[in-house]
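Scroll down for the structure; my scribbles are underneath it.
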Amino acid sequence: MNKNNFFMITLMATALSVTNSALAQNSVPAKKDAAKTSTADDASHSNPDDFFELLRQDVRSQKKQIIAQNMGLSDAEAEKFWPVYDRYAAELSKIYDTKIALLNDYADNYASMTGEQAENYIRKRAEVEQSIMQLRLKYMPAFRKVLSGRETALFYQLDWRLGLAIDVELV
């Protein structure tokens, strides 16, 4: 991986870190306080969910740029690859939504979590991780239709590494 790609991954990690900080500041007491303010005051502040969605779009865009830089696809290959990738990324994003919700729930309830609740969290987290791997396996034939075996392996290697970088920032 070259220096530019390392920079892009670091930038993605930083964006996710900022997102997590913004979400942490959006606590329940803050929501209650916000409900007490006037609607004019509400209009002057941006919604944290909107901010989070913008950062997620930016991370997806950066991930796509890193993959494009490393795949070295011809125009003809790219024309076939990106539609498959976009479908894959959309499904993966839904799984990450579940993962983020699970992590947030864990963080919110950690102090009062019972042993049974902790085991339930572990099982749900394992299901999310299995869903990610099942999605990768589901899309392997689709990627193989548009890429060589080596290119498919390279794509998945990039996807795994970028996924790990994102996971580091989520916890």
State the number of residues belonging to the stretch 143-164 that are farther than 15 Å from Ser93 by Cα, crowded, with 17+ Cβ neighbours inside 10 Å and aliphatic (A, V, I, L, M). 3
Go through Glu77, Glu169, Glu116, Glu127 for me and flag whichever is open to solvent by less than 90 Å² (accessible area, probe 1.4 Å), assigned to a helix (DSSP H, G or I) and either more than 15 Å from Lys63 (Cα to Cα) or among the aromatic types (Phe, Trp, Tyr) (or both). Glu77
Residues that are among the aliphatic types (A, V, I, L, M), on the phi < 0 side of the Ramachandran plot and not in a helix (DSSP H, G or I): does the stretch 141-157 have at least one? yes
Can you name the residue in the stretch 80-113 that is more than 19 Å from the chain's Cα centre (by Cα) and open to solvent by less than 50 Å² (accessible area, probe 1.4 Å) and, of all such residues, is farthest from Asp159 (Cα to Cα)? Met113
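The values are calculated or read from the model by the stated rules, or taken from the named source; none is laboratory data. Keep in mind that this is a model prediction, so the values were computed, not measured. All Cβ positions, even for glycine, are placed from backbone atoms using ideal geometry, and neighbour counts span all protein chains on display. Only protein heavy atoms, including side chains, enter the accessible area calculation; ligands, DNA and RNA are left aside. Shrake-Rupley method; radii C 1.70, N 1.55, O 1.52, S 1.80 Å.
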